[in-house]
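Scroll down for the structure; my scribbles are underneath it.
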Amino acid sequence: MSPASRCADWPDRLATLTVFFANGLGLGAWAAAIPALKARLALTDGQLSVALLSFACGAFISMPLAGWIGSRVRTGHATLAAGIAFAASLVIPAIMRVLPTLCGAAAMVGACTGAVDVLMNVHASSIERRWRAPIMSSFHAAFSAGGMAGAVLGASLAPRGVMAELGAAATVCAVMVLAAALVMRAGDVAPAGRSLALPDRALLTLGLLAMFALMIEGAVADWSGTVLAQRGADIRSTAFGYGAFSCAMAGGRLWGDWLVGRLGAATIVRCGGALAAAGFALVAWVPTPLAGAAGFGLVGLGLANVVPTVFSATGRMGASAAAAAVTAGYAGLLLGPVAIGSVATAANLSWGIAVLAVAAAAMSILAARNGVFAPRACLEP
């Protein structure tokens, strides 16, 4: 792509980066508001899990629908519409007072974020094709930065109540999406892919990679604090595990585009899986809080560019393929914490860490043997 063409595409890229950031910010604020929602409605852990399951169900329902929409509507327009809907949905849980209505509101938030997730990745993939260079990691770096900003925003407004937390996040998200609308291109109608056919080997492999990567991410988010507590960390230090994971992931994504361009997508996924497995080995074999935090940091660094690389590949296959990969990833995100909890209950948490290490190693093997990141899938105009 010529420098002049890239200059013409920069506004669209910046607008899409803004939508990624806004989506991450909204989800970070939503996560920060969950404890306050639980306390205000006096929910038990089981009741809260029902509300969170509703969020997941909303996402699962909307993702295939978003893939269908992306194959019929210009991706820029669809992304912006989904972004506005997501911003509006954020404030709805704050006005609910009983569990059934909270479940409905959570399902709405989940449905909107699921649609945004699919559509913004498809649109980002179209920009990457025009750019003719790997740039998907930069979009996911913006999402990670938005998540951290949303968590900080939610925590800072927590004393003012749930409405202040989610209302502020909704306002910021809406303003950012509307600002992006000023310069975002309409985009193309994404190729539909084979929506009614069974997935081929390449798509199945990419779906498994997304599932394993996000399974690990969900498990680290939910269990890293418990792991460090068992290693002797005090209550304030238990957050260092996930903090190290998140910071390493965000930092890795800042360099991800350059690394993919230099080393290739297959090498990034293969080495990332191996590095994540090594991080889990450090957590399991050196039972100290410092080693645990360092190990989780290695996991974050290893996983940093796996999901952007997978979503880039599926985005080139069509909107339906992108929706399938995102849905598989969400399935892993939900199943990971549950699976580790089951293993920890049946045996102990160290065995749960071993399961995650196996999943990381499986990513490395899948990327090495299946050729899903072959040069034919590289960035063509």
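The values are calculated or read from the model by the stated rules, or taken from the named source; none is laboratory data. If you're wondering where the values come from, they're calculated on a predicted model, not measured in any experiment. Positions of Cβ are backbone-derived with ideal geometry, glycine not excepted, and every protein chain shown enters the neighbour counts. Each accessible area value is taken on the protein alone, full model and side chains, heavy atoms only, with ligands, DNA and RNA left out. Shrake-Rupley method; radii C 1.70, N 1.55, O 1.52, S 1.80 Å.
Observations on the model:
- Computed E for residue 156/residue 267 - FRET, C-beta separation, R0 45 angstrom, nearest 0.05: 0.65
- Helical contribution to [θ] at 222 nm, DSSP H n ≥ 4, -39,500 (n - 2.57), averaged over the chain, rounded to 500: -28500 deg cm²/dmol
- Theoretical gain in end-to-end length, residue 60 to residue 72 [0.36 nm per residue, Cα-Cα removed]: 2.3 nm
- Sorted on the mean count of surrounding Cβ atoms within 10 Å across their residues, most packed first, peptides 160-172, 12-24 read 12-24, 160-172.
- Across the protein chains, with a 1.4 Å probe defining accessible surface, the residues 57, 247, 112, 173 rank 247, 57, 112, 173 from largest area downward.
- The chain, relative contact order [Cα under 8 Å, separation at least 6], %: 25 percent
- Computed from backbone phi with θ = phi - 60° and the Karplus coefficients 6.51, -1.76 and 1.60, the 3J(HN,Hα) list for region 200-209 is 7, 4, 5, 5, 4, 5, 5, x, 5, 4 Hz; x is used for glycine and proline.
- Packing-based ranking of 280-291, 128-139, 295-306 yields 295-306, 128-139, 280-291, ordered from highest to lowest mean Cβ neighbour count within 10 Å.
- log₁₀ of I(q)/I(0) at q = 0.07 Å⁻¹ - the chain, Debye sum with one point per alpha carbon: -0.29
- Here the chain is treated with +1 on each Lys and Arg Cβ and -1 on each Asp and Glu Cβ, and its dipole about the Cα centre works out to around 460 debye.
- Annotation note: trypsin sites (Lys or Arg not before Pro) in region 218-277 located in DSSP loop regions with a Cβ neighbour count of at most 16 within 10 Å are 236.
- Under the shape rule built on the C-alpha gyration tensor, where the axes satisfy a ≥ b ≥ c, region 216-336 is prolate, since a/c reaches at least 1.5 and a/b is greater than b/c.
- Global geometry of region 13-111, whether rounded, prolate or oblate, following the gyration tensor of its Cα atoms and the 1.5 cut on a/c: prolate
- 3J(HN,Hα) along region 46-52, derived from phi through the Karplus expression 6.51 cos²θ - 1.76 cosθ + 1.60 where θ = phi - 60°, amounts to x, 5, 4, 5, 5, 5, 5 Hz, with x in place of Gly and Pro.
- Within the assembled protein chains, the solvent-accessible surface assigned to residue 365 is about 90 Å², based on a 1.4 Å probe.
- Ranking by accessible area, most exposed first, for 183, 343 with a 1.4 Å probe: 183, 343
- Accessible surface of region 45-150, 1.4 Å probe: 74 percent of it comes from carbon and sulfur atoms.
- Phi to ³J(HN,Hα) by Karplus 6.51 cos²θ - 1.76 cosθ + 1.60 over region 288-301, Hz, x for Gly, Pro: 10, x, 5, 5, x, 5, 5, x, 5, x, 5, 4, x, 5
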